[in-house]
1. Mind counting the residues in segment 208-228 that are in a helix (DSSP H, G or I), over 17 Å from the mean Cα position of the chain (by Cα) and closer than 17 Å to residue 301 by Cβ?
2. Of the residues that sit in segment 158-197 and are surrounded by fewer than 15 Cβ atoms within 10 Å (Cβ to Cβ) and without any contact (Cβ under 8 Å) to a residue 40 or more places away in the chain, which one is nearest to residue 228 (Cα to Cα)?
3. Could you say which residue among 267, 313 is farther than 25 Å from residue 368 by Cα, in the same structural domain as residue 356 (by TED's automatic domain parsing), touching a helix residue (DSSP H, G or I) at 6+ places or on another chain (Cβ under 9 Å) and surrounded by fewer than 17 Cβ atoms within 10 Å (Cβ to Cβ)?
4. For segment 25-49, which residues satisfy the criterion of being free of Cβ contacts under 8 Å to residues at least 40 places away in the same chain and surrounded by fewer than 20 Cβ atoms within 10 Å (Cβ to Cβ)?
5. Among the residues of segment 88-137, how many are assigned to a loop (DSSP other than H, G, I, E, B) and more than 23 Å from residue 172 (Cβ to Cβ)?
6. Show me the helices (runs of 4 or more DSSP H) entirely contained within segment 269-348 in which 3 or more residues are closer than 23 Å to residue 245 by Cα and at pLDDT below 95.
7. Pull up segment 323-372, narrow it to residues that are touching a helix residue (DSSP H, G or I) at 6+ places or on another chain (Cβ under 9 Å) and free of Cβ contacts under 8 Å to residues at least 12 places away in the same chain, then point me to the one that is surrounded by the fewest Cβ atoms within 10 Å (Cβ to Cβ).
8. For residues that are touching a helix residue (DSSP H, G or I) at 6+ places or on another chain (Cβ under 6 Å) and in a loop (DSSP other than H, G, I, E, B), tally how many sit in segment 138-161.
């Protein structure tokens, strides 16, 4: 019978499965959970059902004993998943605990039930597959049905059980674990090119988080005046256009500056290596921001959020909580995205004042401290 996990001991060598996400930032925030699991269950067999896009990271992380991609486009992939799961259960035994780290994904909810764990943490169908498994009564179970994890009131609602509403901590609490005091660094591999002083990333899957081109150009002019080299990272240009709202922004930056085009020249683990070798990284709220922060590089998040955290990004939930990561502060307060639980793509106001109010001087002032 499938049961909600309640923090109990699982035996000396439990078989534990994590279901990951296909989004880079979502994967990065699972790393503290993996570390916490290994610390509590040192002899466990820990499997990671992840994504083709983050497979290099997953293969390189020491806490993971075995991995597979649930999102491979190959023909016959579901048959391969079933066969692999059967073989793995013979090797490691039945699944004692499954943790769904991508609970809003219908496929992972199905997988959580289909893999037949004894206990589950996170979203799952019930054992018969006909309805969702009830959340449970403990706050570490019940918070999953809370409508707003990003709000300041979240911590008030749960007293002293959560120290932050950072997604990295929430995933650990989901499994009744303490977040590690010193999370392990994300694995990296050096790229094939000389890494510039500064790396920037200007695009994102939500257009509401885009910083105007004028701000980037002023930052690039300052870098050129100071003699600092700058590289533009991201996916290949066509994919940037199709999935990350590049529009004409990147083309204009490349045409009007000495910016080095590094888009599409790295795998994700090589991007981590490039970020590690750079002196600094400046990025909008997107995957490269999380990668740069997770390898320890001085990182600035260009976000349209005011001093209290209200704005275009759910930063209370998603901004990396690391000493090497800082953020910009918008000069206006806008609740347009927050009111829609950040489910909007474009800005919902008449103008994009939250992102436009982030002055280039904030980025330049930060760079002066890091690079000079």
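1. In the first step, residues of segment 208-228 are kept if they are in a helix (DSSP H, G or I); the result is 208-209, 213-226.
Retained after the next criterion (residues that are over 17 Å from the mean Cα position of the chain (by Cα)): 208, 213-226.
Subsequent filtering for residues that are closer than 17 Å to residue 301 by Cβ retains 208, 215-216, 219.
Going through segment 208-228 one residue at a time, the tally reaches 4.
2. Looking only at segment 158-197, we keep the residues that are surrounded by fewer than 15 Cβ atoms within 10 Å (Cβ to Cβ), and these are 159-161, 163-164, 178, 181-182, 185, 190, 192-194.
In the following step, the residues that additionally are without any contact (Cβ under 8 Å) to a residue 40 or more places away in the chain were identified as 159-161, 163, 181-182, 194.
Details: 159: 47, 160: 46, 161: 45, 163: 39, 181: 35, 182: 32, 194: 14 Å.
Among them, the one singled out is 194.
3. Exactly one residue qualifies, and that residue is 267.
4. 42, 43
5. Of all residues in segment 88-137, those assigned to a loop (DSSP other than H, G, I, E, B) come to 93-96, 101-105, 115-118, 122-124, 126-131, 133-137.
Okay, now just the ones that are also more than 23 Å from residue 172 (Cβ to Cβ), so 93-94, 116, 126-131.
Adding up the residues that qualify gives 9.
6. Values: elements: 287-294, 315-318, 336-339.
Those helices (runs of 4 or more DSSP H) span 336-339.
7. Filtering first and then ranking leaves 343.
8. Quick first cut of segment 138-161, residues touching a helix residue (DSSP H, G or I) at 6+ places or on another chain (Cβ under 6 Å) only: 140, 149-150, 158, 161.
Still in the list and also in a loop (DSSP other than H, G, I, E, B): 149-150, 158, 161.
The total comes to 4.
The values are calculated or read from the model by the stated rules, or taken from the named source; none is laboratory data. All values derive from a computational prediction rather than experimental measurement. Don't worry about glycine lacking a Cβ; one is built from the backbone with ideal geometry, like all the others, and counts go over all protein chains shown.
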